[in-house]
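Single-structure report; data block below.
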Amino acid sequence: GAGVSQSPSNKVTEKGKDVELRCDPISGHTALYWYRQRLGQGLEFLIYFQGNSAPDKSGLPSDRFSAERTGESVSTLTIQRTQQEDSAVYLCASSYGTAQETQYFGPGTRLLVL
Amino acid sequence: AQSVTQPDIHITVSEGASLELRCNYSYGATPYLFWYVQSPGQGLQLLLKYFSGDTLVQGIKGFEAEFKRSQSSFNLRKPSVHWSDAAEYFCAVGAGGGTYKYIFGTGTRLKVLA
């Protein structure tokens, strides 16, 4: 089947605008993760969804960041009032749900805030 | 706190030469350890993972890694590098015990000379 898909692949926005990033996980995967990858840095955990449980939002850097997921389907990551430091690649991953299960990554959304 | 260090930001090897990418982690118990590869324009792909048992782990594309508890290391190796191995390689550690958060290193960019 298809892998994890993300859209858009690239997004350029002006400082202060809101952006919405989308992730389609692999069908059947109950867990979904969002990471941020700044230039020259490793992946930074943002948020984790597992089935219908309350998400772990502990990695979100500020209240301008939020994410939603309906059931075990699509997730959207929203960044409000974007700042230049939000420029990064945002990666989504999905898995069958436990730490032992491999996380499968999408190609990412490259966000540039001017 | 958990941490992952990849001391080499860039490595250049000739095609056909052997390769070793270093990864050191900091964690009190036995961690879950992973190596991912990120090719240009592609999502991260899992090369191999270690949870327990045999400390020498075989992965895809001819890669292997060895878990050395005494050195807190999980170095990635390949006996003969191919030009298509040029990519960025990330080491990651998970806390285990049902903890899903992974901590990623900053990556090592591999260049392969023809």
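The values are calculated or read from the model by the stated rules, or taken from the named source; none is laboratory data. From a predicted model like this one, the values you see are computed outputs, not experimental measurements. Note that each Cβ is placed from the backbone with ideal geometry, even for glycine, and that neighbours are counted across all protein chains shown. Please note that ligands, DNA and RNA were not included when accessible areas were found on the heavy atoms of the full protein model with its side chains. Shrake-Rupley method; radii C 1.70, N 1.55, O 1.52, S 1.80 Å.
Brief remarks follow.
- Qualifying position, being open to solvent by less than 70 Å² (accessible area, probe 1.4 Å), more than 18 Å from A:GLN103 (Cβ to Cβ) and of a type in the set (Lys, Arg), among A:ARG81, A:ARG64: A:ARG64
- Residues satisfying the stated conditions in region B:67-79, i.e. touching a residue at least 40 places away in the same chain (Cβ under 8 Å) and either within 13 Å of the chain's Cα centre (by Cα) or open to solvent by less than 60 Å² (accessible area, probe 1.4 Å) (or both): B:SER72, B:SER73, B:PHE74, B:ASN75, B:LEU76, B:ARG77, B:LYS78
- Check on A:LEU112, open to solvent by 70 Å² or more (accessible area, probe 1.4 Å) and either of a type outside the set (Asp, Glu) or touching a helix residue (DSSP H, G or I) at 6+ places or on another chain (Cβ under 9 Å) (or both): yes
- Checked against the criterion of being over 17 Å from B:GLN42 (Cβ atoms) and at pLDDT 95 or above, the candidates A:ALA99, A:ALA67 yield just one match: A:ALA67.
- Residue selected from region B:80-114 under the condition within 14 Å of chain A (Cβ to nearest Cβ) and of a type in the set (A, V, I, L, M), by the criterion nearest to the chain's Cα centre (by Cα): B:ALA92
- Members of region B:23-56 that are in contact (Cβ under 8 Å) with a residue 60 or more places away in the chain and either open to solvent by 60 Å² or more (accessible area, probe 1.4 Å) or charged (D, E, K, R) (or both): B:TYR27
- Set side by side, the residues A:TYR96, A:TYR104 differ, and just one is open to solvent by 50 Å² or more (accessible area, probe 1.4 Å), aromatic (Phe, Trp, Tyr) and under 16 Å from A:GLN6 (Cβ atoms), which is A:TYR104.
Yes/no matrix, rows are residues, columns are (1) of a type in the set (Val, Ile, Thr); (2) at pLDDT 95 or above:
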residue	(1), (2)
A:ASP24	no, yes
A:GLN37	no, no
A:GLU44	no, no
A:ILE47	yes, no
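Residues checked against (1) closer than 26 Å to A:GLN6 by Cβ; (2) out of contact with any Pro (no Cβ under 8 Å at 6 or more places or on another chain):
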site	(1), (2)
B:GLY16	no, yes
B:ARG22	no, no
B:TYR27	no, yes
B:GLY41	yes, no
B:LEU46	yes, yes
B:TYR50	no, yes
B:GLN71	no, yes
B:ALA86	yes, yes
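- Residues in region A:1-44 that are out of contact with any strand residue (DSSP E or B) (no Cβ under 6 Å at 6 or more places or on another chain), open to solvent by 60 Å² or more (accessible area, probe 1.4 Å) and not basic (Lys, Arg): A:GLY1, A:ALA2, A:SER9, A:GLU14, A:ASP18, A:SER27, A:LEU39, A:GLY40, A:GLN41.
- If only residues of region B:41-63 that are of a type outside the set (Gly, Ala, Ser) and in a loop (DSSP other than H, G, I, E, B) are counted, the one that is modelled with the highest pLDDT is B:PHE63.
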